[in-house]
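To start, the structure under review is shown below, and the notes come after it.
The values are calculated or read from the model by the stated rules, or taken from the named source; none is laboratory data. Owing to the predicted nature of the structure, the values given are computational and were not obtained by experimental measurement. Heads up, the Cβs are rebuilt from the backbone with ideal geometry, glycines too, and the neighbour counts pull from every protein chain shown.
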């Protein structure tokens, strides 16, 4: 509403300067502003298109592109209903950036950048709604648009938390695709690993990514063992076993870090015990199995403790 008022005020201020030729302001721009004020956004756009063709010098005016940006923005919101495929969103970004480029005195900077931030958030929302095993590539594209646009509009804002959230969500998609393919396509595995390692580069004590990496490497080790054919020759068998052991060993530090972060998590302890079982380290396997049993016993005790009856008593 504030932005619209600003447009109208400037429009009123410039009325005496209206001309039909190459003056600072032209009749088509006047009509565009009137149509915009009437919420007739497509007509407003058509008039602005005519203004840009007819009134040559307004092309170097930041206000021209500021107005056109808001017209496209309202087309995106009100006509395209914020569709993820709206071309008006892309045009809004294009012309608002042009306005910022020409706005040497930062007259429209605050409102221009506010629009860009809103559109960046719309890309984030689109990335979230497309995060599934079918549309995940679109989600990546939307997310990249979000980070690029938000960083441009607000370069001081740190996007690490968004990076962590999106990377972990996308990694889960790759994990599902890895688990659900008969060939166990390692490209999906590598993509998930890369994303979780990116998270750990931002937050080394992130429980979810440490746990995920531990499970990924452990599961890959299991794949090497349980996908062996019955008639495999000895050399290939030994090679597969060595690969499995290597992955079990890689998984262990991640699982132990997860355990340090959440020492009472049963899934983490089970994972560590599983690694030691696969490595044939019986003593360490039993240490963690006993620890697991202790936690389960404590949980049972909590469940059987008498609870205060909070129901009102009859007098």
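Data for the structure
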read-out: Criterion: within 20 Å of residue 257 (Cβ to Cβ) and either assigned by TED's automatic domain parsing to the domain that holds residue 270 or modelled with pLDDT under 95 (or both) - qualifying residue of 212, 171; value: 212
read-out: Flag for residue 283 being within 24 Å of residue 169 (Cβ to Cβ) and surrounded by fewer than 19 Cβ atoms within 10 Å (Cβ to Cβ); value: no
read-out: Criterion violated by residue 178 - all others in (1) at pLDDT 95 or above; (2) within 16 Å of residue 214 (Cα to Cα) satisfied; value: (1)
read-out: Residue match in segment 159-167 (condition: out of contact with any helix residue (DSSP H, G or I) (no Cβ under 6 Å at 6 or more places or on another chain), under 30 Å from residue 62 (Cα atoms), part of a helix (DSSP H, G or I) and not assigned by TED's automatic domain parsing to the domain that holds residue 250); value: no
read-out: Residue within segment 36-43 that is at positive phi and either at pLDDT 95 or above or buried (at least 20 other Cβ atoms within 10 Å of the Cβ) (or both) present; value: yes
read-out: Residue in segment 247-262 that is surrounded by 13 or more Cβ atoms within 10 Å (Cβ to Cβ) and either more than 20 Å from residue 212 (Cβ to Cβ) or touching a residue at least 60 places away in the same chain (Cβ under 8 Å) (or both) present; value: no
read-out: Residue 131 under 18 Å from the mean Cα position of the chain (by Cα), touching a residue at least 40 places away in the same chain (Cβ under 8 Å) and surrounded by 15 or more Cβ atoms within 10 Å (Cβ to Cβ); value: yes
read-out: Scan of segment 168-212 for residues that are touching a helix residue (DSSP H, G or I) at 6+ places or on another chain (Cβ under 9 Å) and either at positive phi or in a loop (DSSP other than H, G, I, E, B) (or both), ordered by number; value: 181, 184, 185, 203, 204, 205, 206
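Each row is one residue, and each column tells you yes or no for (1) under 23 Å from residue 147 (Cα atoms); (2) buried (at least 18 other Cβ atoms within 10 Å of the Cβ).
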{"position": "29", "(1), (2)": "no, yes"}
{"position": "33", "(1), (2)": "no, yes"}
{"position": "53", "(1), (2)": "no, no"}
{"position": "63", "(1), (2)": "no, yes"}
{"position": "85", "(1), (2)": "yes, no"}
{"position": "88", "(1), (2)": "yes, yes"}
{"position": "96", "(1), (2)": "yes, yes"}
{"position": "113", "(1), (2)": "yes, no"}
{"position": "120", "(1), (2)": "yes, yes"}
